[in-house]
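Notes to accompany the following structure.
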Amino acid sequence: MVLDRISRNWVSLTILSLTGITILSLWPLPYLPPVPGTDKTHHLIAYAILMFPAAFRRPRNWQALALTFMAYGGAIELLQPYVNRYGEWLDFAANTFGICIGITAAILIRGINRKAK
């Protein structure tokens, strides 16, 4: 089942997500988009996907991972102006909210999965 695979491969999935977020967030753009702030949904989804496997598997340090991912999202926003991108506090807020959504989704799915067994 998919949930068993997520639970078994949570480290690989997390590293893959973190790598994708890093590349997509720090890849230099040839020019800045005309209007900043149009990508909040992308931030939310990306960080929810990042957090979900760890929150679902619940290793001993999963809460520390959530805080680390929040700090990482903030660091990305601070670095983005150096690669011709916008660093925005609202992006950081979307990242953090995405982490919270990933945790909530994992808790709900774990509960549903437990009842189904």
Sort M51, M70, M1 so that the residue with the fewest other Cβ atoms within 10 Å of its own Cβ comes first and the one with the most comes last. M1, M70, M51
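When D39, D91, D4 are ordered from fewest to most other Cβ atoms inside 10 Å of their Cβ, what list results?
On the way: D39 17, D91 24, D4 9.
Ordered from fewest to most neighbouring Cβ atoms within 10 Å, D39, D91, D4 come out as D4, D39, D91.
Round to the nearest 0.05 the FRET efficiency obtained for I109 and W89 when R0 = 25 Å and r is the Cβ-Cβ distance. Intermediate values should be presented prior to the final figure.
Working: r = 30 Å, r/R0 = 1.21.
Once rounded, the FRET efficiency stands at 0.25.
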Cβ density ranking, 10 Å radius, fewest first, applied to S17, S7 yields S7, S17
Based on Cβ point charges of +1 for Lys and Arg and -1 for Asp and Glu, what charge dipole magnitude is obtained for the chain about its Cα centre, in debye rounded to the nearest 20? 840
Backbone HN-Hα couplings from phi across segment 67-74 [Karplus 6.51/-1.76/1.60, Hz, Gly and Pro as x]: 5, 5, 5, 5, 5, 4, x, x
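Could you tally the net charge around D91, taking each other residue with its Cβ under 14 Å from the Cβ of D91, Lys/Arg +1 and Asp/Glu -1?
Working: positive: K40, R85; negative: D39, E77, E88.
That sum, taken over residues with Cβ under 14 Å, equals -1.
Using mean Cβ contacts within 10 Å as the protection proxy, how do 58-69, 23-34 order, highest first?
On the way: 58-69: 14.2, 23-34: 10.5.
The densest-packed peptide leads the list: 58-69, 23-34.
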Could you check the spin-label model distance between T19 and A116? Points 7 Å from the Cα along Cα→Cβ, value in nm. 2.9
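Whole-Å semi-axes of segment 1-100's equivalent ellipsoid, largest first, each the root of 5 times a Cα gyration tensor eigenvalue? Display every interim value, and only then the final one.
Numbers: eigenvalues 142, 34, 26 Å².
Over the Cα atoms of segment 1-100, the ellipsoid semi-axes are 27, 13, 11 Å.
Since every read-out is calculated from the coordinates, none of them should be taken as a lab result. Just so it is clear, the model here is predicted, and its values are computed rather than measured. Cβ sites come from the backbone with ideal geometry, for glycine too, and all protein chains shown count toward neighbours.
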